[in-house]
Amino acid sequence: MFELTITKLLPSSEHSKLPGLCKTRWVERHTCFEVFLELYEPLITFLDAILSPREYPELVSSCGSWNWDSETRIKAQGLNLLCPPFSQLLLLSLPRLY
């Protein structure tokens with residue numbers, strides 16, 4: 001269902017999921033960070049939609065079932081709180097622009 005959120009918000013995106021973080025390869029870390037920045041908005045939207053599906057009827061109506069158990073909702077809330085604000089991510093990404 002995260003893939004559906006990506007296609008709704010970023011139809012031209014080449015990525016359909018977040019890659020795993022490689023601990024030993026710097027290039028992989030750099031690529032992973034860029035993909036995370038690209039998919040940040042769909043990720044936050046997806047987590048918000050799990051917590052309050054009535055606010056995102058376009059996502060809920062595109063899927064057959066949008067009933068999440070309490071454990072999934074608790075994990076989504078925790079992940080949502082752990083995600084840094086976009087302004088902080090923007091500051092981290094500025095050096096790669098120059």
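Here is a yes/no grid of residues against (1) more than 15 Å from PHE2 (Cα to Cα); (2) in contact with a Pro (Cβ under 9 Å, 6 or more places away or on another chain); (3) modelled with pLDDT under 90; (4) surrounded by fewer than 15 Cβ atoms within 10 Å (Cβ to Cβ):
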| position | (1), (2), (3), (4) |
| --- | --- |
| TYR40 | no, no, yes, no |
| TYR56 | no, no, yes, no |
| SER62 | no, no, yes, yes |
| ASP69 | yes, no, yes, yes |
| ALA76 | no, no, no, no |
| LEU82 | yes, no, yes, yes |
| PHE86 | yes, no, yes, yes |
| LEU91 | yes, no, yes, yes |
| ARG96 | yes, no, yes, yes |
Of the conditions (1) modelled with pLDDT under 80; (2) closer than 19 Å to ASN80 by Cβ; (3) not aliphatic (A, V, I, L, M), the single one that ASP48 does not satisfy is (1)
Condition set over 19 Å from GLU58 (Cα atoms) and modelled with pLDDT of 80 or more, scope segment 14-31, selection surrounded by the most Cβ atoms within 10 Å (Cβ to Cβ): answer is HIS15
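The values are calculated or read from the model by the stated rules, or taken from the named source; none is laboratory data. This one's a predicted model, so the numbers in the text were calculated from it and none came from an experiment. Methodologically, a virtual Cβ is constructed for each residue, glycine included, from the backbone with ideal geometry; neighbour enumeration extends over all protein chains shown.
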